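Trainee: For reference, the structure I am asking about is given below.
The values are calculated or read from the model by the stated rules, or taken from the named source; none is laboratory data. Because the structure is a prediction, the values reported are computed rather than measured. Using ideal geometry, Cβ is built from the backbone for each residue, glycine included, and neighbour counts are taken over all protein chains shown. Please note that ligands, DNA and RNA were not included when accessible areas were found on the heavy atoms of the full protein model with its side chains. Shrake-Rupley method; radii C 1.70, N 1.55, O 1.52, S 1.80 Å.
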Amino acid sequence: MTQRSSNLNPDQMKAVNCIKGPLLILAGAGSGKTTVLVSRTKKILEETDAKPEEVLVLTFTNKAAKELKERVLKVLPQGKKLLTGTFHAFGLKFLKKHHKLAGLPERFGIIDDADSRFIIKDLLRDKKHDSKSDYDPEILLKVIQDIRLKRNHSPSIEESYQEMGSWLIDDYMTRLSTLGVVDFDGLILTPTKLLKEYPELKEEYHKKIKYLMVDEFQDTSAMQMDLVKQLIGPAENIAVVGDDDQSIYGWRGAEIKNILSFPKQFKNCQVIRLEINYRSSPEIINLANAVISKNENRHSKVLKPHVDSVSGEKPEVYVFEDEAKECEEVVNLVRNISRGTKLKDIAILYRSNAQGGFLEGLLKQSRIPYDLTGGPNLMDRKEVRDALSFIKAAISPDDLSLRRIVNLPPRGVGDVSVRKLLDLQEIKNSGFLSALRKWREAELKEKVGLSIEDFLNSLKDLRDALIKNDDTSYEDRFKTFFTNVGLKDLIFSSYKDNKTGQKKWELIEILGRILDIFLSKADDRKNRASVVKDFLESMMLRESDSRDDEEDKLQMLTLHASKGLEFPVVILMGVDEGLIPHEKLGHNISEERRLFYVGVTRAKTSLIMTRANTRKRYGKRRQTSATRFLVNVADDLYLTYKNGFKPVSEVERKDMLKDLYKSLDKKILGKSM
């Protein structure tokens, strides 16, 4: 249900009319906060002396800023000069205007974290430290960021890193200055510093910004809050909009205390709650309220369905044998639901990117188009592409796959050797495989040639393993081959953290499981080689990079990436303890509960949750239990199907039989013609 700005409810109208002094708008999920922001902006521009360029709205995404401005322009043409944008965009504009005060050249540059890590790596070459000789630049960057933001280091960071970070920070800042660049943190920290150091500059901005609004305020960090405080003028015409129940970015610096303590920081602050939900059915709202009410440190509010909301089915939980069965049945659910619902109206949400990886292969096999947001596509993962290149080279070799893996893992076939092979290939007008077999004609060293022969023999071994007709799973075949060929050791040695290496290696195992399922569904008349070729084709078929909203594609998102979105049908996978809350990433249980709440409240009419009785973790199969976020709410708020199958009603059964008979009649008619 989409709300129109011309039909505001009493609480929304109250928020729109409150344009003087500090205001906290607690906007519950689906409560129409953007409508309120647009209407409030319109009222300010129509009923005060403020010009559009004197109204600043800070957002967290360019998309949100663009949507707000477009909607304002529809109702108020003079809103074209309205100041909207992200915190970083505002900081960049500020520094461009005051680059001299900041000690920056007129055309200064901006660097990302990868550039920052390179600078740190370069600085380390000139440093000597007795306690440790090998440092991870990524961890050191985190330490430097903590120091600059005056926040405590994570307990997991070793003391030696803290010492080195303190030692490096001055050199790091000097290097930024020498290069004439600003990093992402500097885009916010530097303007804040200048506003504090130059009172006349602060006064200039207080006159320039008569009204300030901040969207998604629960996501602000300490440094963003500090900047906001410097921009607020004596009149304190600031309105912040957010929902503490949707604060899910603590791991990247968001401070929930900003929204929780806002009324205490500003005298005479008004607090208005938007509790009417225009999105979800009453049944989904009831579950959402029960889930989030278990969090203690929150602003009190209860979502209420709109009077025109239509009751629907209770949220459902399907319990399957294991994660493979879960993924198979989720694909079947999508296939069944899509008979009466567009694919783009169906979203699959999950806590961990690894959950999406296995599902992708099944969707490709089923020819179900999808868009993936919030994590890398399975085919974008280097380890998967390497493994597929080995399979391709073994079963149906081409130049691209062979050149990708000829020195993977490193076997002495370097750039010089490859260049000689390519020259021979051109002379002979042959393929790269032929050039490899004729390595002596390319005048390669004996040692390099023998390595090439070992490589070609390994491809033959892989082909034999792929087409061998026995009961050994492809998961086990892949583990054996890629361990023997040295790829497993290469993967683990590429990451300093052994746990990260294990996760990357598990992608190979997932690929094997996908091929196992592919084989189980393949035509019995096809030989193994043909099945593997079909598998390669299905995996290599790439979806368009276009993000056209009109395309009818299933939506796959992490829970974090789903925030701010809504879908008629939501399938929330992996509602198991250990996945949500996550056994490694979910130390903040309150935030994990908020993350689960975000997932639940994305659904408009249908919420389906799935879980598995057992899951494979770190090479071992383990029993699982339902997430505490479901266990701790009343059973009557959702339906559970323990065997993974929903009982079929008599009407549904008859409809299914009718469809079956129609299908059989068509087949009989087709044969008789």
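Trainee: Test each condition in (1) open to solvent by 40 Å² or more (accessible area, probe 1.4 Å); (2) in contact with a Lys or Arg (Cβ under 9 Å, 6 or more places away or on another chain) for Asp489 and report the one that comes out false.
Mentor: So the condition that Asp489 fails would be (2).
Trainee: Given the residues Glu577, Glu566, Glu592, which is the only one that is open to solvent by 20 Å² or more (accessible area, probe 1.4 Å), modelled with pLDDT of 85 or more and within 18 Å of the chain's Cα centre (by Cα)?
Mentor: Glu566
Trainee: Could you list, in sequence order, the residues of segment 71-115 that are of a type in the set (A, V, I, L, M), modelled with pLDDT under 80 and under 17 Å from Pro52 (Cβ atoms)?
Mentor: Scanning segment 71-115 gives no hits.
Trainee: Follow-up. Quick check on segment 627-642: of everything there that is surrounded by 10 or more Cβ atoms within 10 Å (Cβ to Cβ) and not hydrophobic (A, V, I, L, M, F, W, C), which residue is modelled with the lowest pLDDT?
Mentor: For segment 627-642, the residue satisfying everything is Lys642.
Trainee: Kindly check whether there is at least one residue in segment 81-100 that is aliphatic (A, V, I, L, M), part of a loop (DSSP other than H, G, I, E, B) and open to solvent by 30 Å² or more (accessible area, probe 1.4 Å).
Mentor: no
Trainee: Whether any residue in segment 286-301 is surrounded by fewer than 22 Cβ atoms within 10 Å (Cβ to Cβ), touching a helix residue (DSSP H, G or I) at 6+ places or on another chain (Cβ under 8 Å) and part of a strand (DSSP E or B) is what I want to check.
Mentor: No, segment 286-301 contains no residue that is surrounded by fewer than 22 Cβ atoms within 10 Å (Cβ to Cβ), touching a helix residue (DSSP H, G or I) at 6+ places or on another chain (Cβ under 8 Å) and part of a strand (DSSP E or B).
Trainee: Right, another one. Given Tyr211, Tyr278, which one is hydroxyl-bearing (Ser, Thr, Tyr), out of contact with any strand residue (DSSP E or B) (no Cβ under 7 Å at 6 or more places or on another chain) and in contact (Cβ under 8 Å) with a residue 12 or more places away in the chain?
Mentor: Going through Tyr211, Tyr278 in turn, just one is hydroxyl-bearing (Ser, Thr, Tyr), out of contact with any strand residue (DSSP E or B) (no Cβ under 7 Å at 6 or more places or on another chain) and in contact (Cβ under 8 Å) with a residue 12 or more places away in the chain: Tyr278.
This table checks each residue for (1) aliphatic (A, V, I, L, M); (2) under 30 Å from Ser520 (Cα atoms).
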site: Gly357; (1), (2): no, yes
site: Glu383; (1), (2): no, yes
site: Val406; (1), (2): yes, no
site: Arg411; (1), (2): no, no
site: Arg419; (1), (2): no, no
site: Ser451; (1), (2): no, no
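Trainee: Shifting gears a bit: Out of the helices (runs of 4 or more DSSP H) lying entirely within segment 390-504, which hold 2 or more residues that are in contact (Cβ under 8 Å) with a residue 40 or more places away in the chain and either at positive phi or out of contact with any strand residue (DSSP E or B) (no Cβ under 8 Å at 6 or more places or on another chain) (or both)?
Mentor: In segment 390-504, 446-467, 474-484, 487-493 are the helices (runs of 4 or more DSSP H) which contain 2 or more residues that are in contact (Cβ under 8 Å) with a residue 40 or more places away in the chain and either at positive phi or out of contact with any strand residue (DSSP E or B) (no Cβ under 8 Å at 6 or more places or on another chain) (or both).
Trainee: Let me ask something additional. Please count how many residues of segment 218-277 are among the small types (Gly, Ala, Ser) and either farther than 27 Å from Lys294 by Cα or touching a Cys at 6+ places or on another chain (Cβ under 7 Å) (or both).
Mentor: 3
Trainee: Select, from Leu140, Leu149, the only residue that is closer than 30 Å to Gly21 by Cα and of a type in the set (A, V, I, L, M, F, W, C).
Mentor: Leu149
Trainee: Under 8 Å by Cβ, and 6 or more places apart or on different chains, what pairs join a residue from segment 567-586 that is part of a loop (DSSP other than H, G, I, E, B) with one that is of a type in the set (Phe, Trp, Tyr) and open to solvent by 10 Å² or more (accessible area, probe 1.4 Å)?
Mentor: Leu585/Trp251
Trainee: Give all pairs with beta carbons closer than 8 Å in which a residue from segment 334-352 that is under 13 Å from Ser366 (Cβ atoms) meets a residue that is of a type in the set (Gly, Ala, Ser) and open to solvent by 30 Å² or more (accessible area, probe 1.4 Å); count only pairs at least 6 apart in sequence or on separate chains.
Mentor: Arg335/Ser366
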